[in-house]
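Read the structure below first, then the notes.
Derivation of every value follows stated rules applied to the coordinates shown; laboratory data play no part. Just so we're clear, the structure is a prediction, and the values are computed from it rather than from any experiment. FYI the Cβ positions are ideal-geometry reconstructions off the backbone, even for glycines, and counts take in every protein chain you see.
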Amino acid sequence: MSEHGSTIRLPRRSFLTAGGAAAGAVMLGFPAVLRSQPKTIKIGAVHPVTGGLAEIGQACRLGAQMGVDAVNAAGGVKSMGGARLELLLGDSQTNPDVARTEAERLINAGAVILTGAFHSQHTAAIVPVAQQKRVPFLIDISAADAITANVAKSVKEGQQKVQYVYRLFITTAALGRKAVQFMTEIFADAKVTPKRVVVIYSNDLFGQTQTRQFQAAVDALRPPFAIVETIAFPENTQDLSTEVSRVKAAKPDV
């Protein structure tokens, strides 16, 4: 019908062409995720399943796989038409450089989201990849505050447009405060009053950050004990005899 009430006849080819164009225009008005529901959502998981952290890295991988299996067993992602999850596996080999290349490999293999990577230094190495490739990175375990704080700061200051990196884990600042709180409560319950504390830590991103945050928490909360010395040891060392001698010389209560 025309606006005047008369009928307009369209040849079949013209009708199909016009109809297709109209449908395309309508569909373009909806988000891309509604226009084309993926049958499979590929998740790239990078963990240290070999090397010095292999035992815990394998546990992290198992947890990720169990999560994927649970979602698929329940019918997939219902908000996306029952899309199923597929876990693409990466091994950082307990090496931050390998963590970065594994993240790149998984993205090239079709991963549309990343997770990992347990070790804070490995996670920090993956962050630039996620930001550059515009692939969301949900950190499962890694506590160093700077990992997400630096990205948020760069977005706030306009250096980057979007933050693609988020954390599902507690930060070292929170861990430091809780450590002081729990130590104070435990000592009170045990009716002991230790005064001298020595902190010994792995000389990597997590160890350095956690030690600073623990010291900051002690300074802020003023517990009945003080840190008399902090001692770093190389991440991959198998001999702590020198560090143990330093601990003994400091005569700590804890």
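Using only Cα atoms, find the angle between the long axis of helix 205-221 and the longest principal axis of the chain, and express it within 0 to 90 degrees, rounded to the nearest 10.
Relative to the chain, helix 205-221 is tipped by roughly 70 degrees.
Using a Gaussian network model on the chain with a 10 Å cutoff between Cα atoms, which of GLY207, GLY82, GLY116 fluctuates the most?
Highest fluctuation of the listed residues: GLY82.
For the chain, find the longest principal axis of its Cα atoms and tell me its angle to the long axis of helix 120-133, 0 to 90°, nearest 10.
Around 20 degrees separate the two axes.
Would you kindly derive the ³J(HN,Hα) couplings of segment 226-241 from the backbone phi angles with the Karplus curve 6.51 cos²θ - 1.76 cosθ + 1.60 (θ = phi - 60°), listing them in order in whole Hz, with x for Gly and Pro?
Here the 3J(HN,Hα) series is 10, 7, 9, 6, 10, 10, 9, 10, x, 4, 9, 5, 10, 9, 10, 4 Hz.
Evaluate the distance, in nm, between pseudo-label points positioned 7 Å from the Cα of LYS195 and of VAL71 along their respective Cα→Cβ axes.
It works out to 5.5 nm between the two label points.
What are the residues whose amide H is under 5 Å from the amide H of ILE231, where those residues sit 5 or more places off or on another chain and H is modelled from the backbone?
VAL199, ILE200, TYR201
For the chain, compute Rh as the Kirkwood radius over C-alpha pairs and then the Stokes-Einstein diffusion coefficient at 37 °C and 0.692 mPa s; write the answer in µm²/s, rounded to an integer. Each step should come with its number before you reach the end.
On the way: Rh = 22.2 Å.
Roughly 148 µm²/s, to the nearest whole number.
Beyond 19 Å between alpha-carbons counts as too far, so tell me which of LYS156/LYS178; LYS39/LYS161; LYS133/LYS161 fall in that bin.
On the way: LYS156/LYS178 29 Å; LYS39/LYS161 29 Å; LYS133/LYS161 13 Å.
From LYS156/LYS178; LYS39/LYS161; LYS133/LYS161, over 19 Å: LYS156/LYS178; LYS39/LYS161.
Pop a pseudo-label 7 angstrom from the Cα along the beta-carbon direction at both ASP239 and GLU157 and give the gap in nm to one decimal.
In this crude label model, ASP239 to GLU157 measures out at 4.3 nm.
By counting other Cβ atoms within 10 Å of each Cβ, how are ARG167, ARG212 ranked from fewest to most?
Going from sparsest to densest Cβ surroundings: ARG212, ARG167.
Using r as the Cβ-Cβ distance of ILE186 and ASN108, and R0 as 41 Å, what FRET efficiency do you calculate, to the nearest 0.05?
0.25
How far, in degrees from 0 to 90, does helix 146-156 lean away from the longest principal axis of the Cα atoms of the chain, to the nearest 10?
The angle comes out at about 50 degrees.
So what is the relative contact order for the chain, in percent, with contacts set as C-alpha pairs under 8 Å and at least six apart? All intermediate terms of the calculation are to be shown ahead of the outcome.
Numbers: 398 pairs, mean separation 33.7, N = 254.
It rounds to 13 percent for the chain.
Once fully extended, how much extra length lies between ALA174 and THR40, figured as 0.36 nm per residue of separation less the alpha-carbon to alpha-carbon distance?
Values: separation 134, 0.36 × 134 = 48.24 nm, distance 3.64 nm.
Full extension of this stretch gives 44.6 nm more.
Tell me, MET66, MET183, MET80 in order of fewest to most beta-carbon neighbours within 10 Å?
Values: MET66 10, MET183 19, MET80 14.
Least to most surrounded, the residues fall as MET66, MET80, MET183.
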